[in-house]
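Participant: Would you mind keeping the following structure in view while I ask a few things?
The values are calculated or read from the model by the stated rules, or taken from the named source; none is laboratory data. Keep in mind that what you see is a predicted model, and the values were worked out from it rather than measured. Here the Cβ positions follow ideal geometry from the backbone for every residue, glycine too, while neighbour counts run over all protein chains shown. The accessibility values were calculated without ligands, DNA or RNA, using every heavy atom of the protein model including side chains. Shrake-Rupley method; radii C 1.70, N 1.55, O 1.52, S 1.80 Å.
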Amino acid sequence: MALMSRAQLGFILLVAAASLLEVSEARTIVIGGSEGWRFGFNYTEWVRQNSPFYINDELVFKYDPPSKTNSGYSVYLLPNLWSYITCDFSKAKILASETQGKGKGFKVELNQWRPYYFASGNKDGYNCKDGLMKLFAVPLPRWNY
């Protein structure tokens, strides 16, 4: 078996380094993919299929403004797991109103290593409780080489 030339070895190392750089770049992720942020979609399953998320990834919430067929959606950041489980918005922070999800959507950067609990707080929590409009993400540290 012939030994690799320095040029071949250098090329292999360059390709490996480039693949590591691609992994370390922040991503922009549309919540729900082509379904967007809507009533009745299973975001728990979607997160399971689309994770892991990394620090500095950007989540985009796209949703239609209120209409005759849609009571309106929003994006809240819930303070803890219990608020997420019970859809308790009493200490939640509104991130995006009913109109901010149109067009290019509303963007949230996952800029810390901590759990992020998101939900739609419209209709006194109905969208969260019965409409499954909630998700959580725990971004992992991004390793730069």
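Participant: Of the residues in region 106-125, how many are closer than 18 Å to Tyr43 by Cβ and at pLDDT 95 or above? Before the answer, list the steps.
Facilitator: So the first thing to find is which residues in region 106-125 are closer than 18 Å to Tyr43 by Cβ, and the list is 106-108, 110, 115-123, 125.
Subset that is at pLDDT 95 or above: 106-108, 110, 115-120.
The total comes to 10.
Participant: Can you tell me how many residues in region 100-117 are more than 25 Å from Pro65 (Cβ to Cβ), surrounded by 13 or more Cβ atoms within 10 Å (Cβ to Cβ) and of a type in the set (S, T, N, Q)?
Facilitator: The first filter runs over region 100-117 and keeps only residues more than 25 Å from Pro65 (Cβ to Cβ), leaving 110-115.
This time we only want the ones that are surrounded by 13 or more Cβ atoms within 10 Å (Cβ to Cβ), so: 110-111, 115.
Now narrow it down to the ones that are of a type in the set (S, T, N, Q): 111.
Counting residues in region 100-117 that are more than 25 Å from Pro65 (Cβ to Cβ), surrounded by 13 or more Cβ atoms within 10 Å (Cβ to Cβ) and of a type in the set (S, T, N, Q) gives 1.
Participant: Residues Ser74, Ser83, Ser90: which one is at pLDDT 95 or above, open to solvent by 70 Å² or more (accessible area, probe 1.4 Å) and at negative phi?
Facilitator: Values: Ser74 fails: open to solvent by 70 Å² or more (accessible area, probe 1.4 Å); Ser83 fails: open to solvent by 70 Å² or more (accessible area, probe 1.4 Å).
When all the criteria are applied, what remains is Ser90.
Participant: Further question: Among the numbered criteria (1) in contact with a Ser or Thr (Cβ under 9 Å, 6 or more places away or on another chain); (2) open to solvent by 60 Å² or more (accessible area, probe 1.4 Å), which one does Glu58 miss?
Facilitator: (2)
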